[in-house]
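*Asks:* Mind having a look at this structure? Questions to follow.
No value in this document is a laboratory result; all are computed from the given coordinates. Since the model is a prediction, treat every value here as computed from it, not as a measurement. Note that we place each Cβ from the backbone using ideal geometry, even for glycine, and neighbour counts take in every protein chain shown.
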Amino acid sequence: MNRVKPFSLLIKPASASCNLRCEYCFYIDHLDYVRPGDKPVMSDNILEKMIKDYMKIPMPEYSFTWQGGEPTILGLGFFKKAVDFQKKHAPPNAVITNALQTNATLIDKPMADFFAKHNFLLGVSLDGPKEFHNKYRLTVSGDPTHNKVMQGIEHLRQAKVEFNILCLVNSDNVKSPGELYKYYRDKGFNFLQFIPCVEYDDKGELTHYSITGVQWGEFLCKIFDMWYRKDSGRVSIRHFDSVLNYLVKGIYTQCTMDRDCQKMRGPNAESGILSALCDGWQMFYKHTIDRFNQLANAIREENRV
Ligand code: SF4
């Protein structure tokens, strides 16, 4: 019998639609593309068929990831339907997981309670304290969003929803890794993911909010130094976890690290030309590899791997 390699579903049920207009959003040219009268909403029929067809395939785990745009603009009712369809079509004893990437500005108590009840794991975009976050993450009318994100996070905390923080590292906050890291730690955010902002304009120049490879390297080195001194083993930083996992088990948990950094090269690069961030990655690995090896040895010892 042909076995299908397990895979998860990445679903964009509201397409690129979003209630925000972050300046660096890669969907920015598409956020308003919907024609008058059209609704960027996955219909109930499509939703059910997608879930039903996926759950017909034998899998050790059925993994749904909801993304946008902003998926929560569809409201709680949409996710209730999705979970109902999952229950209806799940084979006996199926393991089902749901993850959702959000700007958190629309999360209220009922939604948070629902996510908690159904064990959703959330990724919340937060670019640091107000002065950094509000520089690029604005509403359609240009208003700041930091307060709304923090309100959403408060609802998640009250309901005990698991979430991690995604920070887009741009030309502004890249200069302040210490302030950024301290802010996240003071807020008690123990699951962090840093994502480099790299985008090119029509002339092939980096946009003003993008970072260079050297900036990325310096940023990561400083974050690592702070994390290593006090927080390794207590704070999860996705990239660092992936390096450690590779050293201990030979597997990267972050697919973009899997010999594929070329995916982040410039728009005109020929195949084989390295990532715009390559200088930074090299700087980072040279700076950290001895200490990563020490941590990996300690983990092997502890687990007797
Ligand atoms: S919240 Fe996300 S999808 Fe919405 S505008 Fe900002 S980056 Fe784009």
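*Asks:* Given axes a ≥ b ≥ c from the Cα gyration tensor, I'd like to know whether region 1-168 is rounded (a/c under 1.5), prolate (a/b larger than b/c) or oblate.
*Replies:* Details: a/c = 2.04, a/b = 1.55, b/c = 1.31.
It comes out prolate by the Cα gyration axes.
*Asks:* Using DSSP to call loops (not H, G, I, E or B), can you name the trypsin sites (Lys or Arg not before Pro) in region 178-216 whose Cβ has at most 15 other Cβ atoms within 10 angstrom?
*Replies:* Sparse-neighbourhood loop trypsin sites (Lys or Arg not before Pro): LYS187, LYS203.
*Asks:* Once you place label points 7 Å from the Cα toward the Cβ at ALA298 and LYS160, how far apart are they in nm?
*Replies:* 3.0
*Asks:* Moving to a separate point now. Hey, what did region 1-168 get for relative contact order, percent, Cα under 8 Å, at least 6 apart?
*Replies:* Value for region 1-168: 25 percent.
*Asks:* Taking R0 as 51 Å, what FRET efficiency do you get between LYS109 and TYR228 from their Cβ-Cβ distance, rounded to the nearest 0.05?
*Replies:* 0.85
*Asks:* Output the relative contact order of the chain, whole-number percent, from Cα pairs under 8 angstrom with separation of 6+ residues. Numbers along the way, then the final one.
*Replies:* Numbers: 456 pairs, mean separation 40.1, N = 305.
Computed over the chain, the figure is 13 percent.
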